[in-house]
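Every read-out reported here was derived from the displayed coordinates using simple, explicitly stated rules and does not represent laboratory data. Only a predicted model underlies this, so the values are computations on that prediction, with no experimental measurement involved. FYI the Cβ positions are ideal-geometry reconstructions off the backbone, even for glycines, and counts take in every protein chain you see.
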Amino acid sequence: MKTIKIDYIELPKAKTLPLQNMQDLRNLWNVTKTDIEKRVKHFENIWKTACDEEIFAELSFCLFTPQSKAVSCWKAVNLVTDKGLLLNGKAAEIAGIINFVRFRNNKAKYLVEARKLFTENGKIKIKNKLKSFKNPQETREWIVKNIKGIGYKEAGHFLRNTGLGLELAILDRHILKNLIVLGVIKEMPKSLTKAIYLDIEAKMQNFCNKVKVPMAHMDLLLWARQAGGIFK
């Protein structure tokens, strides 16, 4: 199995643009729109074209991401895959080659536990399980409750990246910081309980509807503003 190739799109101008009001947001959108639309289309096609193992690789990526850089985490997934460990490796073996990922020992254990959850007759069968839910919100709830190491942010990230949850928010600190600037929320939450997460998600969705920028696009838009590029 080979992981899905995805390039980091450099958008250095996005990082230099101001973001204090609606006009600033529109200017940023004009600079990034074409690349963001292509990336979201890529996500939409993942579910249609990827096999179970590739979908599981996306889940592994999201298990790796807490407090680690996305580009490094995808590098880690590729390393684990190339070594033949993604589908068969033990936690200690996986942790041994992802030493640049924070909390690698715990994350390697989470990967192995998640793999057991989706293994049937020796093969990964993740797509059938994910297809069994009525909507992305229900899918996210199941993921959060059943996969150790995954919270609402990571579950939303996984579902967005596989084209199953384009309307779900991915509330990391970069996004929250910019939502404050744009007046969507008043302050940085001290914690992200389920109730707080869903409340902010609803406010972000209303804001997206108001400015006519879809949720998945808004996430990448604000991420590009913070990082100067688009990844996943």
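Angle between the Cα long axis of helix 194-211 and the longest principal axis of the chain, 0 to 90 degrees, nearest 10?
On a 0 to 90 degree scale, this one is about 50.
If you add up the charges near Asn209, with Lys and Arg at +1 and Asp and Glu at -1, over every other residue whose beta carbon is less than 12 angstrom from its beta carbon, what do you get?
Taking every Cβ under 12 Å from that of Asn209, the sum is +2.
Which translational diffusion coefficient, to the nearest whole µm²/s, is obtained for the range 148-232 from the Stokes-Einstein equation, given a Kirkwood hydrodynamic radius over C-alpha pairs, 10 °C and 1.306 mPa s?
After rounding, the answer is 122 µm²/s.
Would you kindly derive the ³J(HN,Hα) couplings of the range 169-175 from the backbone phi angles with the Karplus curve 6.51 cos²θ - 1.76 cosθ + 1.60 (θ = phi - 60°), listing them in order in whole Hz, with x for Gly and Pro?
So the Karplus estimates, Gly and Pro as x, are 7, 10, 8, 8, 5, 4, 5 Hz.
Which order do peptides 115-121, 174-180 fall in by mean Cβ count within 10 Å, highest first?
Put in order of decreasing packing, that is 174-180, 115-121.
Got a sec to turn the phi values of the range 95-103 into Karplus ³J(HN,Hα) couplings, 6.51 cos²θ - 1.76 cosθ + 1.60 with θ = phi - 60°, whole Hz, x for Gly and Pro?
4, x, 10, 10, 5, 9, 9, 5, 6
Given points 7 Å out from each Cα along the Cα-Cβ axis, report the Lys15 to Asn121 separation in nanometres with one decimal.
Inter-label distance under the simple model: 5.0 nm.
Helix-only estimate, please: 222 nm mean residue ellipticity of the chain, summing -39500 (n - 2.57) across DSSP H runs of length 4 or more and dividing by its residues, to the nearest 500.
Result for the chain: -19500 deg cm²/dmol, rounded to the nearest 500.
Running Debye on the chain with equal point scatterers at the Cα sites and no solvent, what base-10 log of I(q)/I(0) appears at q = 0.07, 0.09 Å⁻¹?
Values returned for q = 0.07, 0.09 Å⁻¹ are -0.22, -0.37.
Expressed as an acute angle from 0 to 90° and rounded to the nearest 10, what is the orientation of the C-alpha long axis of helix 52-64 relative to the principal long axis of the chain?
Between the helix axis and the principal axis of the chain, the angle is about 60 degrees.
Residue by residue through the range 136-142, which ³J(HN,Hα) values in whole Hz follow from phi under the Karplus form 6.51 cos²θ - 1.76 cosθ + 1.60 (θ = phi - 60°), with glycine and proline marked x?
Per-residue couplings from phi come out as x, 5, 5, 4, 4, 4, 5 Hz.
Relative to the longest principal Cα axis of the chain, at what angle does helix 152-161 sit, 0 to 90 degrees, rounded to 10?
90 degrees
How high is the FRET efficiency between Leu198 and Asn45 when r is their beta carbon distance and R₀ equals 22 Å, given to the nearest 0.05?
E(calc), rounded to 0.05, equals 0.20.
Taking 0.36 nm per intervening residue step and subtracting the Cα-Cα distance, what contour gain separates Lys134 from Arg26 on full extension?
That works out to 35.4 nm of additional length.
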